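Below is one structure, written out as structure tokens; the observations come after it.
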Ligand code: CA
């Protein structure tokens, strides 16, 4: 594919990508945009010019605070919107060439939370991550709990504190136990961590009582984002028994602003790890259900250059998204458009591919060196954590941009 807009070959937003997001200009009116190279394409303006004339839908969904109403039109419409725009951008005679105002420099816009998240679920689907945590805190001989290879373990998280890249957070406070077997104290967390994850956004509602099969799960996945599941390890350690994560996770989770569609990720499908023991029939999935997505995490202290501390890949996931959705709905629990499911920390086998400081610094015992001096066991005040993700195959590059948030001091 060749498009007539100049796009750098290293841009995440190639003609093959065309991710959706919510942007505004100085007038502060939020609208649906598509990213191409350094530009945002204003879809409302493009619609008014008649590019989507074969598609009948309410134009107001393109002038909206969130993508939800657009996504709810369904894939027959949203996939066509992206495909029509793609062919227009490859058409040398396109009439869009004479309407430069629909292309806005990304440096001139503000990006907003793309989706109004209804429910948010976080899985725990990387075998390397679950093994590391089990080894550190329980028993290296039995690092995985007995259920782990039989079902994709997950918990229901908090949607209200999901923020978009560029928004910053304050160090959370809470109860922590400093000396084992001592009473808890109340303080700012001293072990704030990131978790390198990816999220997927539900694009189709299911009916209460129905289940979604692994075979049909793709129909329910609109697209993917980068996801930083901020975690306070000291708060987590004291509070998590017996019901799992609570305030150690709910203070914030950051997502990237552009939602990359499942269609754009199609060329990057790969087989997942062999699952042994074999899974129950409702969890079995055929074909290539994992995706080869390179992932990186960098830490940037204030006024310093960043240091890449982790290089991982989404393809390492033991449980794929289709299995996660089949499991999520097997009891009849319904899905809504705008729900967000996160993968769980994505660690690889190599210690440089671990997806959290907890693993990279092995519970604080091995500080991670930074390029400009100093080291980190966990995240310091005024550190910015930046996650990036991209797929590459020959000349085809599809990326996610970044999710970046700074940890400010406790309020
Ligand atoms: Ca997590």
*In the stretch 235-258, which residues are surrounded by fewer than 24 Cβ atoms within 10 Å (Cβ to Cβ) and away from the ligand (no atom under 16 Å from the Cβ)?*
238, 241, 242
_The lone exception for residue 350 - which of (1) surrounded by 14 or more Cβ atoms within 10 Å (Cβ to Cβ); (2) within 23 Å of the chain's Cα centre (by Cα) it fails_ = (1)
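Matching residues to (1) more than 15 Å from residue 400 (Cβ to Cβ); (2) in contact with a helix residue (DSSP H, G or I) (Cβ under 8 Å, 6 or more places away or on another chain); (3) in the same structural domain as residue 201 (by TED's automatic domain parsing):
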site	(1), (2), (3)
291	no, yes, no
294	no, no, no
299	yes, no, no
303	yes, no, no
318	yes, yes, yes
321	yes, yes, yes
325	yes, yes, yes
*On the given criteria, is residue 337 assigned to a loop (DSSP other than H, G, I, E, B), more than 16 Å from the ligand (Cβ to nearest atom) and under 18 Å from the mean Cα position of the chain (by Cα)?*
yes
*asked:* Condition first: surrounded by 12 or more Cβ atoms within 10 Å (Cβ to Cβ) and either without any contact (Cβ under 8 Å) to a residue 12 or more places away in the chain or in a helix (DSSP H, G or I) (or both). Can you find one or more residues in the stretch 152-171 that meet it?
replied: no
*Select from the stretch 109-127 the residues that are surrounded by 19 or more Cβ atoms within 10 Å (Cβ to Cβ) and either modelled with pLDDT under 95 or within 16 Å of the ligand (Cβ to nearest atom) (or both) and list them in ascending order.*
117, 120, 121, 122, 123, 124, 125, 126, 127
_For the stretch 354-411, give me the residue count where each residue is part of a strand (DSSP E or B) and at positive phi._
1
*Hey, residue 76 hits all of (1) without any contact (Cβ under 8 Å) to a residue 12 or more places away in the chain; (2) out of contact with any helix residue (DSSP H, G or I) (no Cβ under 8 Å at 6 or more places or on another chain); (3) over 22 Å from residue 338 (Cβ atoms) but one; which does it fall short on?*
(3)
_Matching residues in the stretch 3-62 - criterion: being modelled with pLDDT under 95, on the phi > 0 side of the Ramachandran plot and surrounded by 16 or more Cβ atoms within 10 Å (Cβ to Cβ)_ = none
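Considering 186, 200, which residue is in a strand (DSSP E or B), within 16 Å of the ligand (Cβ to nearest atom) and either crowded, with 17+ Cβ neighbours inside 10 Å or at pLDDT 95 or above (or both)?
Criteria check complete, one pass: 200.
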_Looking only at the stretch 349-358, count every residue that is away from the ligand (no atom under 16 Å from the Cβ) and in contact (Cβ under 8 Å) with a residue 40 or more places away in the chain and tell me the total._
3
_Answer from 375, 361, 343 - the residue that is under 19 Å from residue 252 (Cβ atoms) and either in contact with a strand residue (DSSP E or B) (Cβ under 6 Å, 6 or more places away or on another chain) or within 16 Å of the ligand (Cβ to nearest atom) (or both)_ = 343
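Assess whether residue 347 counts as being assigned to a loop (DSSP other than H, G, I, E, B) and within 27 Å of residue 17 (Cβ to Cβ). Before you say what the answer is, go through the steps one by one.
Details: assigned to a loop (DSSP other than H, G, I, E, B): yes; within 27 Å of residue 17 (Cβ to Cβ): yes.
Judged against the criteria, residue 347 is a match.
To keep it simple, each residue is scored yes or no on (1) assigned to a loop (DSSP other than H, G, I, E, B); (2) under 16 Å from residue 17 (Cα atoms).
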{"residue": "64", "(1), (2)": "yes, no"}
{"residue": "76", "(1), (2)": "no, no"}
{"residue": "81", "(1), (2)": "no, yes"}
{"residue": "89", "(1), (2)": "no, yes"}
{"residue": "92", "(1), (2)": "yes, no"}
*Give the residues of the stretch 1-45 that are part of a helix (DSSP H, G or I) and closer than 25 Å to residue 221 by Cα, sorted by residue number.*
43, 44
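The values are calculated or read from the model by the stated rules, or taken from the named source; none is laboratory data. Here the structure is a predicted model, which is why all the values come from computation and not from measurement. Neighbour counts are summed over all protein chains in view; Cβ atoms, including those assigned to glycine, are modelled from backbone coordinates with ideal geometry.
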